2 protein chains.
Amino acid sequence: MAKSIKEIARELNVSKSTVSLVINHKAEQARISKELERRVLDYVEKIGYKPNALAKSLATGRSNTIGLIVENIGDSFFGPFALHVEELLRKKNYHVLYSSTLGDPQNAQDIIDFMLEKRVEGIILAPTINLEEHQRKILEHKVPLVVFDRNSPDIATHYVHIDNGDSSRKACSYLQSIGCKNFGLITIDSDQPQMLARKDAYLKFCAETGMQSRILQLPYHRLKQKGISALQSWVAKNVGLDGLFFTTNYLCILGLKSLRTEGREGFDFPLFSFDDHELFDILNPKISCIQQPLEPLAKTCVRVLLKEIDRGISSPKEYVISTNLIKR
Amino acid sequence: MAKSIKEIARELNVSKSTVSLVINHKAEQARISKELERRVLDYVEKIGYKPNALAKSLATGRSNTIGLIVENIGDSFFGPFALHVEELLRKKNYHVLYSSTLGDPQNAQDIIDFMLEKRVEGIILAPTINLEEHQRKILEHKVPLVVFDRNSPDIATHYVHIDNGDSSRKACSYLQSIGCKNFGLITIDSDQPQMLARKDAYLKFCAETGMQSRILQLPYHRLKQKGISALQSWVAKNVGLDGLFFTTNYLCILGLKSLRTEGREGFDFPLFSFDDHELFDILNPKISCIQQPLEPLAKTCVRVLLKEIDRGISSPKEYVISTNLIKR
DNA sequence: TATTTCTACTAAAACGTATTAGTAAAGATA
DNA sequence: TATCTTTACTAATACGTTTTAGTAGAAATA
């Protein structure tokens, strides 16, 4: 199908080596004459030769590919994150093999195996629960690994993340500063460390300020209709609420939906979201939030990973990216 | 680093062939004894052997990878689309190498070259302008290609898309049915065929119903602040408007922003968007839209591509997916 | 007992590349 | 003119697989 160096060599009556050397711009150092070089170059150009990257990688040991494993490439956090990663890597001549785990450890398992088999040069991973073993496998195979967003506390890897506790604290103080004296927390029923940190900071804030803590934990699955009604009855039960702090943007959207379906047009108290959303600044009322700066996050992941690839695996470090408080 | 079949063979005192055959579950057909098979299997398991997919692909000619080229993996159309593609392909044991062109033909060029070099078995492409030549290149290399969302009329490929004209027509009729007698069209200043089709259907509708056409074409670049003010002054100029039809959801969002920043809380006429958005049903007023059914779209792309890969390239066909009109 | 058939493997070639050591011919040196 | 350099290449090996043809020895057949 596609022509190989071998065929080109035969057709030009030269050796494979010559063709390979010319193609890789090593003609000079290999003392190939200018004429021959031209002849090869012209022919290669003419037939539109595309080197076989698989063979190349096999020979050089470099795949020029990195793996990106997220929960869901389609969501408003990971999608734009992936775009940044891709952009940054493109500049370094790397390409991205991505996959979404959808939170399913079996998927994650398959994905990681596949990537290791594809000999990606490094992996950026937003782990879901129960992925410790796989992370260990990646490390065993000496493939550089950068974990972001979430991590497993008991396995040492490079870890890029925001300070969830701190950010959550900032959010609470902000709500207090705009007059909320009784705001509740809506979070997810999961033991993801970042969610725990957000909740703990809220609890700590309550303890310090004497505010009564009111927390609703929704189950991770079935966030649709069930979640809406759960939220509605919870809000109804908790009289005196004067604000809501959602620990993720999709929870906040769920909150919006549940209030809307309740027939309320506006809101009588502020909503605050952990993570921004494209439309939060045009909703009514505007929704303030903690914004995870995607680009710095992506930049750090890429930088750290490339360094590992270049200089070999080093001892794990933690990289904390600070968040922005967006007041609206 | 990672152990190879060769090393395993040496360590077990058998031949490479034996190891390979056992690993690929061909022990029986190659009459390898059960004992030996077990011995190999156990050892392979013990050391956590991962075959080198690069070598494998080189030998078999199959990369088990398909390329997905979109404009922006981070946006609310392509991201979820990519997720569906990934999911569907996972089931068939294919994986996805994706890239975003960001509308830049140079990027697209690089991406396509890279994918051809990686010997992807097929490509799903949402082309941007000036990509005809590259599509031709893909086809020359005998790589199955499915184009979706947009196409270049003068190059024959399998093409999966919605019926833009028809959908746009439906939108117009709907607006008319709810009482709009004077709605305008906000579109993008581009000659992408799908945008033209949407606009043309509007014009045709005007011609047929006698409604005066009012069209604003915003330049594709600088859609942010400039677009907002352009839109504002255009709306101010066009007295008597009683509805707006946006030909994409990001234009609609731009519209929302511009009206909001104008200080208007609500709207005195309906807005309609081509393409849905997560929050359109909770905004005030609710925004009706044409919804492109992502899953059928993705399913068709994948199905057609896999068929091409399986049975060889066939003569190009067009696949039209019908849209939904979401009334809110 | 000489031949055929099975059994249980292995040797060798191929995929398409990169790389290093080698070489024939021409030119320079002594 | 015999030796050393340089020039302009090429041969050979390696990367890690798959696959097909081959083979030594044991068992079965005649």
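Out of all the residues in the stretch B:63-73, is one or more more than 20 Å from the chain's Cα centre (by Cα), within 14 Å of chain A (Cβ to nearest Cβ), in contact (Cβ under 8 Å) with a residue 24 or more places away in the chain and farther than 21 Å from residue B:111 by Cβ?
So far as the stretch B:63-73 goes, no, none of its residues is more than 20 Å from the chain's Cα centre (by Cα), within 14 Å of chain A (Cβ to nearest Cβ), in contact (Cβ under 8 Å) with a residue 24 or more places away in the chain and farther than 21 Å from residue B:111 by Cβ.
Applying the criterion of being in contact with a Ser or Thr (Cβ under 7 Å, 6 or more places away or on another chain) and not charged (D, E, K, R) to the residues of the stretch B:152-173, the residue that is surrounded by the most Cβ atoms within 10 Å (Cβ to Cβ) is B:160. Among the criteria (1) more than 14 Å from residue B:5 (Cα to Cα); (2) assigned to a helix (DSSP H, G or I); (3) at the interface with another protein chain (Cβ under 9 Å from one of its Cβ atoms), the one residue B:36 does not fulfil is (3). Residues that are at the interface with another protein chain (Cβ under 9 Å from one of its Cβ atoms), in a helix (DSSP H, G or I) and crowded, with 22+ Cβ neighbours inside 10 Å within the stretch B:84-113 comprise B:86, B:111, listed in sequence order. Among the numbered criteria (1) part of a helix (DSSP H, G or I); (2) without any contact (Cβ under 8 Å) to a residue 24 or more places away in the chain, which single criterion is violated by residue A:221? So residue A:221 meets the others, but not (1). In a residue-by-residue description of the stretch A:11-23, the property of being in a loop (DSSP other than H, G, I, E, B) and charged (D, E, K, R) applies to no position.
When the stretch A:1-13 is examined, which residues are found to be near DNA strand C (Cβ under 9 Å from one of its atoms) and either within 17 Å of residue B:117 (Cα to Cα) or open to solvent by 40 Å² or more (accessible area, probe 1.4 Å) (or both)? Don't jump to the end; show me each part of the working.
Our first condition is that a residue be near DNA strand C (Cβ under 9 Å from one of its atoms); within the stretch A:1-13, this holds for A:1-9.
Within the stretch A:1-13, A:1, A:2, A:3, A:4, A:5, A:6, A:7, A:8 qualify.
Considering (1) crowded, with 18+ Cβ neighbours inside 10 Å; (2) under 30 Å from residue A:74 (Cα atoms); (3) within 16 Å of DNA strand C (Cβ to nearest atom), the lone condition that residue B:27 does not fulfil carries the number (2). Any chance the stretch B:22-31 includes a residue that's more than 12 Å from DNA strand D (Cβ to nearest atom) and either of a type in the set (Ser, Thr, Tyr) or in contact (Cβ under 8 Å) with a residue 24 or more places away in the chain (or both)? For the stretch B:22-31, residues more than 12 Å from DNA strand D (Cβ to nearest atom) and either of a type in the set (Ser, Thr, Tyr) or in contact (Cβ under 8 Å) with a residue 24 or more places away in the chain (or both): absent.
The set of residues in the stretch A:52-62 that are near DNA strand D (Cβ under 10 Å from one of its atoms) and surrounded by 13 or more Cβ atoms within 10 Å (Cβ to Cβ) comprises A:54, A:55, A:56, A:57, A:58.
Among the residues of the stretch B:309-322, the ones that are open to solvent by less than 50 Å² (accessible area, probe 1.4 Å) and either more than 20 Å from residue B:152 (Cα to Cα) or assigned to a strand (DSSP E or B) (or both) come to 4 in all.
Scan A:197, A:207, A:201 and give me the residue that is modelled with pLDDT of 90 or more, open to solvent by 70 Å² or more (accessible area, probe 1.4 Å) and not aromatic (Phe, Trp, Tyr).
On the way: A:197 fails: open to solvent by 70 Å² or more (accessible area, probe 1.4 Å); A:201 fails: open to solvent by 70 Å² or more (accessible area, probe 1.4 Å).
Going through A:197, A:207, A:201 in turn, just one is modelled with pLDDT of 90 or more, open to solvent by 70 Å² or more (accessible area, probe 1.4 Å) and not aromatic (Phe, Trp, Tyr): A:207.
Determine whether residue A:65 is exposed (fewer than 14 other Cβ atoms within 10 Å of the Cβ) and of a type in the set (Ser, Thr, Tyr). For residue A:65, the condition - exposed (fewer than 14 other Cβ atoms within 10 Å of the Cβ) and of a type in the set (Ser, Thr, Tyr) - is not met. Only residues that are touching a residue at least 60 places away in the same chain (Cβ under 8 Å), farther than 16 Å from residue A:289 by Cα and among the charged types (D, E, K, R) were counted across the stretch A:305-328, and they come to 3.
Per the listing B:99, B:4, the residue uniquely within 16 Å of DNA strand D (Cβ to nearest atom), among the polar types (S, T, N, Q) and either touching a residue at least 40 places away in the same chain (Cβ under 8 Å) or touching a helix residue (DSSP H, G or I) at 6+ places or on another chain (Cβ under 6 Å) (or both) is B:4.
Just one of the numbered conditions (1) open to solvent by 50 Å² or more (accessible area, probe 1.4 Å); (2) touching a Lys or Arg at 6+ places or on another chain (Cβ under 7 Å); (3) more than 9 Å from DNA strand D (Cβ to nearest atom) is not true of residue A:16: (3).
If you go through the stretch B:243-253 and keep only what is within 23 Å of the chain's Cα centre (by Cα) and either surrounded by 22 or more Cβ atoms within 10 Å (Cβ to Cβ) or more than 16 Å from residue B:229 (Cα to Cα) (or both), you end up with B:246, B:247, B:248, B:249, B:251, B:252, B:253.
Kindly evaluate residue A:38 against the criterion of being within 16 Å of DNA strand C (Cβ to nearest atom), farther than 30 Å from residue A:299 by Cβ and open to solvent by 40 Å² or more (accessible area, probe 1.4 Å). Against the criterion (within 16 Å of DNA strand C (Cβ to nearest atom), farther than 30 Å from residue A:299 by Cβ and open to solvent by 40 Å² or more (accessible area, probe 1.4 Å)), residue A:38 does not qualify.
Based on what the data block shows, is residue B:49 farther than 22 Å from residue A:106 by Cα, within 16 Å of DNA strand D (Cβ to nearest atom) and open to solvent by less than 70 Å² (accessible area, probe 1.4 Å)? Talk me through it step by step, then tell me what you get.
Working: farther than 22 Å from residue A:106 by Cα: no; within 16 Å of DNA strand D (Cβ to nearest atom): yes; open to solvent by less than 70 Å² (accessible area, probe 1.4 Å): yes.
Judged against the criteria, residue B:49 is not a match.
The values are calculated or read from the model by the stated rules, or taken from the named source; none is laboratory data. Everything numeric in this text was worked out from a predicted model, so none of it was measured. All Cβ positions, even for glycine, are placed from backbone atoms using ideal geometry, and neighbour counts span all protein chains on display. SASA here: full protein model, heavy atoms, side chains in, ligands and nucleic acids out. Shrake-Rupley method; radii C 1.70, N 1.55, O 1.52, S 1.80 Å.
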